[in-house]
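To start, the structure itself, in structure tokens.
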């Protein structure tokens with residue numbers, strides 16, 4: 001009965017204009033990490049291309065970029081703060097989730113910055129800062 005209720009509830013939410021929300025990912029090596037700062041986005045015009053988040057836990061900070069439904073891209077992510085930054089971690093072509101990690105920026109206000117390369121076009125975005 002719970003499964004049917006879940007389907008009906010989701011259907012009603014979509015019917016009333018609600019949107020289904022994907023679960024916020026956590027770093028694969030630290031499931032206890034919590035998101036810090038606000039979620040950033042990369043857009044091409046009005047189209048959402050990627051979301052950018054930052055997490056803290058397990059002795060460091062994580063940056064994450066999740067690319068939405070587009071093909072033929074390459075994404076990278078880095079952490080920035082206090083005039084310092086980590087080298088970008090670049091995903092493979094078509095890799096939808098790319099993570100980076102740093103202990104060096106623990107004592108700084110930081111944000112995650114992502115770049116998404118689509119052909120010759122480079123799109124950039126940034127999460128909200130967290131101190």
Taking the number of other C-beta atoms within 10 Å as the exposure measure, put 118, 77 in order starting with the fewest. 118, 77
Over region 21-131, what is the relative contact order in percent, taking alpha-carbon pairs closer than 8 angstrom and at least six residues apart? 27 percent
Between residue 85 and residue 39, what FRET efficiency follows from the Cβ-Cβ distance if R0 is 22 Å, with the result rounded to 0.05? 0.65
Between residue 71 and residue 131, take the C-beta separation as r, use R0 = 30 Å, and let me know the FRET efficiency to the nearest 0.05. 0.20
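No lab work stands behind these numbers, since they all come straight from the coordinates. What you see is a predicted model, and the numbers here were worked out from it, not measured in a lab. Quick reminder, even Gly has a Cβ in these numbers, built from the backbone with ideal geometry, and neighbours come from all protein chains shown.
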